[in-house]
Each structure stands twice: as C-alpha cells, then as structure tokens.
1. What number of residues within the stretch 214-231 are among the β-branched types (Val, Ile, Thr) and within 11 Å of residue 194 (Cα to Cα)?
2. Which residues, taken from the stretch 147-168, are modelled with pLDDT under 70 and aliphatic (A, V, I, L, M)?
3. Among the residues of the stretch 41-89, count how many are farther than 25 Å from residue 101 by Cβ and either modelled with pLDDT of 90 or more or not polar (S, T, N, Q) (or both).
4. Scan 262, 255, 274, 184 and give me the residue that is basic (Lys, Arg) and closer than 16 Å to residue 156 by Cα.
5. Taking the condition in contact with a helix residue (DSSP H, G or I) (Cβ under 8 Å, 6 or more places away or on another chain) and on the phi > 0 side of the Ramachandran plot, does residue 201 pass?
6. Looking at the stretch 157-170, I want the residues that are outside the structural domain of residue 100 (by TED's automatic domain parsing) and have a partner that is modelled with pLDDT under 80 and hydroxyl-bearing (Ser, Thr, Tyr) with Cβ atoms under 6 Å, at least 6 apart or on another chain. Which pairs are those?
7. When you go through 196, 200 one by one, which is the residue that is modelled with pLDDT under 85 and either assigned to a helix (DSSP H, G or I) or outside the structural domain of residue 96 (by TED's automatic domain parsing) (or both)?
Amino acid sequence: MMIPEEFKDCVSYNEDKNIFIIKVCTSEISIHNIEDLVKSDIFKFYISIIERYRVLIDLEEVTFIDSTGIGTLINKHVTSELKYPINLCNISSSLSRLLKIINISPFIPYNIHLTVADCLLSLESSLLIEPFQIEQVGRRKVNGNYSPELIYYVKEVRALIVSFQENKVVMESIPDILNSSLYKYVLDSTTIDHLILDLINVEVTDSSAVGALITTYVALRKKDISISLCNIKSNIKKVLDLTCILDAIDITIKKDVQECLKYLKNNKKELDEKNGS
C-alpha cells in the first residue's frame, strides 16, 4: 500500500514485518483537541489501514493523553473484530498508569513496546518463518478476557506457537496463565502435536513459573504433545539450570522459532519415512 506523500514524515511501512509505523506528531491527545484529530487526514489514514495491516503507534512526542484520547485510538478495535492487536511504543509513565487504571485488556488486545525496534524484534521470531505457512490465531478469549499472549498455528508440523508479550512470568502472573483461555485451548485441542513457547519478550521468571511449566508438561504428555522453548535469555536459562527441570522432564530448547520448526519438520520426516518403510 502506498503511503500518501503528505504522511511521509510521520508514517513508514516495514514490508518484512507487514506493519505500518505511525508517529504521533502532537504533544497532546485529549478532549481539548480530539475533535480536530479525528477530522485530520492522518487519523482517517490510520482508520483505513488497521483492518488489513499491523499498526504500531509511536507516542514518543506525546506528553499528555487522557481517557478520551485512549478511547479514540481504540474505538475501531472495540466496535470491530480486528485481526491484529494494537501496538504502542515510547509511552510515558503517566500513560502506562492510565492504561492500568482503565484496564482495556478485557476488551481489546494490545501490546506495549519500549521502542519501535523492540516491536519489530518481537514480531521477528514468530512471523518471518519461511517456508512454513503460519496462521495467526490472534488471542483467545475466555469469559470476555484476552490471554496475554499472541498465538500462531503451523499446520505443517501441527505446532502451536505461543509468543509471550509480557516481560515477566512470575508467581503473580501464574494463576492468570493457568486460568487463561489459551491454556484451556491447548489442553482441549485435538490438532496440536507440539507447543512452542517463544520467550523473546520474557526477561524475568522465577521458580513458580518453572512449577507451572512442569504442570503443563505433565498435562500435555498425557496427550502426546511435546514442549519446546526458544529465545531464552541467559538469566532465564540459569533459573532452569538451578531447578534441574531439564533433567527431570523432556523439553526441547532451541535458539529461535525457526530452528524449532525445522527440528520438528525433520523429526516428522524421519518418522514418516520410518512408518513408510
């Protein structure tokens, strides 16, 4: 899609990741200027692309935003069942607090990234996977609430990729994960042979998360579903080593999603050849 010439200073398109990056070039998005904003050509352009493309909203120049401003940004996501979640980056501490107070996550999925580069990096591990055909499942709902993960399905190897969007998987978040629609979806699924946990965004974990991993492993082993971990940071690998979990259960660790899928594909090929002989 061509970007209109008048938007070149504030809109860019990353073809590899299929995402538009829109830089908000105003310091305020509030009830005081919202009427002018929604009438602007750049806002109309934003509305025209969010149904078909991923969009990252860069709020680096925004120093003040109120609930009216947030409502305007997410209104289309509330009134329509859009394919992709909202991506926000360079948000201020005040906006971060406001998002927690308003708590829009039960209504729409959204991701927060530190910078544009962080957003592109988080997409890289789960989207640039050739020659595999990947279906983006999106986020699963249960009782109207979204799970805090992005989900992808790779039919070729019957694998579900779960890309965690939060940077912490610790004791406080474990109940939400174990009660999430995603967890129930995996346990109930009849189309999955492998579960790939993409930890590219996870920076902090603890022994409670290890316990949850063991619980998941035991439950999935009964259904012959294997587990692989990828994009593990060194400090998280250290937690796994200290708990000796990898000596106790059969979990595969790979460098990234691509390597996981290749490993599963090769295993499937060898198994098919063995069964065919």
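1. Residues that pass the stated criteria total 2.
2. 150
3. 12
4. Matching residue, one of 262, 255, 274, 184: 262.
5. Spelling it out, it is not the case that residue 201 is in contact with a helix residue (DSSP H, G or I) (Cβ under 8 Å, 6 or more places away or on another chain) and on the phi > 0 side of the Ramachandran plot.
6. Sorted first by the residue in the stretch 157-170, then by its partner, the pairs are 160/153; 161/126; 161/152; 163/126.
7. 200
Rundown of residues vs (1) without any contact (Cβ under 8 Å) to a residue 40 or more places away in the chain; (2) part of a loop (DSSP other than H, G, I, E, B); (3) surrounded by 16 or more Cβ atoms within 10 Å (Cβ to Cβ), yes/no style:
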{"site": "3", "(1), (2), (3)": "yes, yes, no"}
{"site": "17", "(1), (2), (3)": "no, yes, yes"}
{"site": "36", "(1), (2), (3)": "yes, no, no"}
{"site": "45", "(1), (2), (3)": "no, no, yes"}
{"site": "57", "(1), (2), (3)": "yes, no, yes"}
{"site": "88", "(1), (2), (3)": "yes, no, yes"}
{"site": "94", "(1), (2), (3)": "yes, no, no"}
{"site": "101", "(1), (2), (3)": "yes, no, no"}
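The values are calculated or read from the model by the stated rules, or taken from the named source; none is laboratory data. If you're wondering where the values come from, they're calculated on a predicted model, not measured in any experiment. Note that we place each Cβ from the backbone using ideal geometry, even for glycine, and neighbour counts take in every protein chain shown.
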